[in-house]
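Colleague: Please read through the structure below; I'll follow up with questions.
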Amino acid sequence: MLWNELAMAFIIGLRFDFVINSYILLLPFTLFGIASFITNKIELLTKIIFIYLWFAYSIILLILCSDIPYFIQFYSRLTTASLLWINDSKYMLAMIFGEKSFIVYLIIFITLGLSATYYLIKVKRKFIASILTTNEVKNKTSYILNFLIFTAFALILIFGIRGRLGRKSPIRTGSAYFCSNQTLNKLALNPAFTFFHSLITDLKSNKRTNFMSTEKAIKLSSMFLNLKNNDSASLAIKNKWDSLYGKKPVRNNIVIVIMESMGSFKLGKYNGSNNLCPNLNRIIQESIYFDNIYTAGIHTFNGIYSTLFSNPSKFKLQPLEEYLNEAQYGIAQTLKNNGYTTMYFTTHDPEFDNVSGFLKANSYDKIYSENDYPSNWVLSNNGIPDDKLFEYAIPILNNINKNGNMFFAAFMTGSDHKPYILPKGIGFKPKSKELDKQITEYADWSIGRFLEKASKETWYKNTTFVFIADHGVNLGHTYDMPLSYHRSPLIIYTPSANLIHDTLYNLGGQIDAVPTVLGLLNIEYINKTLGVNLFKINRPFMYFCDDEKAACIDKEYYLIIRPENKETLYRYKNLKTDNFIDSFPFKVDSMKEYTYSMMQLMESKRIKKQFHLQAIH
């Protein structure tokens, strides 16, 4: 069966390859065809066309070579989403040349490019030579023959561009989805096709979401989010907390650590690697741990925005740039209004992803970055290693505490991101042999070391620490939106309340982290976001996006919504691939309504359903 599916993927792949080649060859074929009816002296035209072919196929070759590492990283064929960082080209080039595996693909591109150039030059010389030695006398018969050949090849190219014989529609990306094996479906696609298709879509689109009216979105979201939490475990935790601290606002410092690529699979859950994160797993045993949390997107900018501003992601949109001039209601503003000093720590360039400008525009007093750290700490374009990030921060937090001020500190770690660089001479000894696992061990070790050092400071017991991933990683877990990329730990650790700990299974998202923490601490504010307090609101579903697709999940089913209505519904507990899309139409409709209403509200910016935390505590 597998060999049959491989053969089918290969055949479909040939169709997509033929489409790309037909588009490229259409222009030279047309010019040569017209010229053949006029003159035999087409040497100059031949040279121009071969320059065009060299340029066109060089671009295609670059796309093909770039697609391999992109697919490995994101489990998706290349699209214009790869250009989201084009404004940070210096950083991206540093990352490419800093990662050895990327250089391999660059060498492959250069080698194949030079070989193709050599081949084209030889073909061009032979072609021109054949033209010069041909002295065909034009007559009625030759014109008829030329016309027949021209017509035949024109029809071939036209059908080649369409990719299929069906009258209603040409070939589309959805044409590649022929089986339940998503890897084979994706392998059938040509990355040049997916890239240029997404480019055309981007040019036609104004980036607005029009799934439904704003009024309908508000009505549906009110229905979906106005659900009281009847989970006895979460209610018990909140009651224990209120018994310990009372129901008045708790004046705790808040530290949020957004952990680079630290999805739940890395903690050994859901068949992930074991023993990579002993420190985080130990912290979980002393914390309030939400086990069923999903990240809003697959990029770090999604993680920063959705965690700190409690709103979801949209298709292929960089929120830190798109929403720069729009007022945001995040945790920093709330805590600043309550007298907190607010700050953000990153390992590298503060301008990357427009982080610094966006946060400064939204109530962050200070951004600490590569510009502030000792230059000898900087190891790569990812800046300083994680342990140095935390080491630098502790004296700053001490000074704020000495002045009698409360603080909110957000950290964005960076070591668990390519190019991986393990710092030396720090006492860290990895157990794994593979570098990608060693770096995860190091990231976990850095967090353990941070808490160990912080425990010696006076502010430690008066602080609530939150640990969450910006996103996970592609670990090849079956689906074309891998759960390993979206499932995240949410750890709420308060040393002074270490007897209050449990694992909760409420369905929630990265966007719920802040409302849940503020609700736990009884800090009053008006919630103008799509995040909810998981101690009070019971989400029926959670939705999230990658660049091209959306997904909705509940405690049993996982719906993936792809372009061109290629939808699948899975029972995901054991990563099964049976498609139940036709078996549960009401379930599918509810999940799609939930997803589209949330996305439409995100577009409209008119969130009328506002939760006043004092009223729902």
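Each reported figure results from applying straightforward, stated rules to the coordinates on display, with no laboratory input. All values derive from a computational prediction rather than experimental measurement. Heads up, the Cβs are rebuilt from the backbone with ideal geometry, glycines too, and the neighbour counts pull from every protein chain shown.
Colleague: Determine the calculated [θ] at 222 nm for the chain from helices alone, applying -39500 (n - 2.57) to every DSSP H run no shorter than 4 residues and normalising by the residue count; nearest 500 deg cm²/dmol.
Modeller: Numbers: 20 runs with 286 residues, N = 617.
Taking each H run of at least 4 residues, the total per residue is -15000 deg cm²/dmol.
Colleague: Kindly put S221, S484, S415 in sequence by how many other C-beta atoms sit within 10 Å of each C-beta, fewest to most. Intermediate results must be reported in sequence, preceding the final value.
Modeller: Working: S221 20, S484 24, S415 27.
Taking fewest neighbouring Cβ atoms as first place, the list is S221, S484, S415.
Colleague: Cut-off under 16 Å on the C-alpha distance; same-chain residues fewer than 8 positions from K47 excluded. Which lysines are left, in chain and number order?
Modeller: K122, K124, K126
Colleague: Moving to a separate point now. Among S213, S22, what is the fewest-to-most ranking by other Cβ atoms within 10 Å?
Modeller: Ordered by Cβ neighbours within 10 Å, fewest first: S213, S22.
Colleague: Between A154 and D17, what is the FRET efficiency for a Förster distance of 22 Å, r being their Cβ-Cβ separation, to the nearest 0.05?
Modeller: The computed FRET efficiency comes out at 0.65.
Colleague: Turning to a different aspect of this structure: Based on the inverse mean of 1/r over its pairs of different Cα atoms, what is the Kirkwood hydrodynamic radius of the stretch 451-540, in Å?
Modeller: 15.1 Å is the Kirkwood radius here.
Colleague: Right, next: Just going by the charge dipole of the stretch 483-574, with Lys and Arg at +1 and Asp and Glu at -1 on Cβ, which of F535, S488, N522 is farthest out on the positive end?
Modeller: Farthest along the dipole direction, towards plus: F535.
Colleague: Moving to a separate point now. Sorted by average packing, counted as other Cβ atoms within 10 angstrom per residue and highest first, what order do 514-521, 235-242, 2-9 take?
Modeller: 514-521, 235-242, 2-9
Colleague: In which sequence would C277, C179 go, from the one with the fewest C-beta neighbours within 10 Å to the one with the most?
Modeller: C179, C277
Colleague: Of T334, L422, N381, which is farthest towards the positive pole of the stretch 247-528's charge dipole, taken about the Cα centre with +1 and -1 on the beta-carbons of Lys, Arg and Asp, Glu respectively?
Modeller: T334
Colleague: Using Cα-only point scatterers and the Debye equation, what is log10 of I(q)/I(0) for the stretch 231-322 at each q in 0.14, 0.17, 0.20, 0.26 Å⁻¹, rounded to two decimals?
Modeller: Relative scattering, expressed as log10 I(q)/I(0), comes to -0.75, -1.01, -1.16, -1.28.
Colleague: Counting other Cβ atoms within 10 Å, which chymotrypsin sites (Phe, Trp or Tyr not before Pro) in the stretch 440-526 have at most 16 and lie in a DSSP loop?
Modeller: Here the chymotrypsin sites (Phe, Trp or Tyr not before Pro) that fit, given the DSSP loop and packing criteria, are Y505.
Colleague: For I421 and E452, what does the FRET efficiency come to when R0 = 35 Å and r is the distance between their Cβ atoms, rounded to the nearest 0.05?
Modeller: Between I421 and E452 the formula returns 0.95.
Colleague: Hey, can you grab everything whose amide H is under 5 Å from the amide H of T478? Only 5+ residues off in sequence or another chain; H modelled, so Pro and N-termini drop out.
Modeller: Amide H to amide H, under 5 Å and 5 or more residues apart or across chains, T478 pairs with nothing.
Colleague: Once semi-axes √(5λ) of the Cα gyration tensor in Å is worked out from the coordinates, which option in (i) 51, 41, 24; (ii) 65, 27, 17; (iii) 52, 28, 21 does it equal?
Modeller: (iii)
Colleague: Now a separate question. For the pair N325 and R162, what calculated FRET efficiency results from E = 1/(1 + (r/R0)^6), where r is the Cβ-Cβ distance and R0 = 56 Å, to the nearest 0.05?
Modeller: Efficiency computed from Cβ-Cβ geometry: 0.85.
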